[in-house]
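Here's the structure we're looking at; comments come further down.
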């Protein structure tokens, strides 16, 4: 990465380099802590709603097959867009709480996962996805290769997957669905590395501004959270065991 290397070269003596490295580690740790808390909230909300609905056939019907199901699907999309566009104007605390609320809304939406797939396969795929995410994020953090152009390519691939997925709603091709799932796994694995490396640039840009750095940590957690959730969902389509 040319830009980070220039920044590091500008850092003064050994004490300055140590302070820089410690600051970067602290920033990344806060990002991962926020992201992990978000994933935990999503899991609790998803299973909690499913368990509550499963306790009563009437509630199950209302939650997963009634008008409420559409609300659960659309609420995370609407609030997520609001959060993305408003985060820069929020306080650090407001941005953090907004992210956690979004994670809960996504969890309520993902309660449908427990309806469609067996609990054992959901757990298995979750741990596989977590291992893939961790390894890829570590590579993105440690590699010296500049992933900027790689990120642009991945974003174009993501747009293609979304469009093809919408088209497949009409054709219902299992072969195309499999291909899209494989592409989705590859894209979000790559985006995990790209977004992790991008966070190092963010730290270098805002290291002198505590408020901006705090918001950037939340925004970075949101990016990695979305990478992980989407990676998990595409892996679930490939490896999950559907209920009969």
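The values are calculated or read from the model by the stated rules, or taken from the named source; none is laboratory data. Quick caveat: nothing in here was measured; it's all calculated off a predicted structure. All Cβ positions, glycine included, derive from the backbone under ideal geometry; neighbour counts span all protein chains shown.
Check the stretch 232-240 and report whether any residue there is more than 17 Å from residue 29 (Cβ to Cβ), touching a strand residue (DSSP E or B) at 6+ places or on another chain (Cβ under 9 Å) and modelled with pLDDT under 90.
Yes.
Could you tell me whether any residue of the stretch 202-218 is at pLDDT below 95, within 30 Å of residue 118 (Cα to Cα) and either surrounded by fewer than 17 Cβ atoms within 10 Å (Cβ to Cβ) or touching a strand residue (DSSP E or B) at 6+ places or on another chain (Cβ under 7 Å) (or both)?
Among the residues of the stretch 202-218, not one is at pLDDT below 95, within 30 Å of residue 118 (Cα to Cα) and either surrounded by fewer than 17 Cβ atoms within 10 Å (Cβ to Cβ) or touching a strand residue (DSSP E or B) at 6+ places or on another chain (Cβ under 7 Å) (or both), which makes the answer no.
Here is a list: 86, 96. Which entry is farther than 17 Å from residue 44 by Cβ, free of Cβ contacts under 8 Å to residues at least 40 places away in the same chain and assigned to a helix (DSSP H, G or I)?
Criteria check complete, one pass: 86.
Please verify whether residue 164 is part of a helix (DSSP H, G or I) and closer than 30 Å to residue 21 by Cα, treating the condition exactly as stated.
no
Quick one: in the stretch 119-149, of everything that is surrounded by 13 or more Cβ atoms within 10 Å (Cβ to Cβ) and more than 18 Å from the chain's Cα centre (by Cα), which residue is farthest from residue 44 (Cα to Cα)?
Here the answer is 146.
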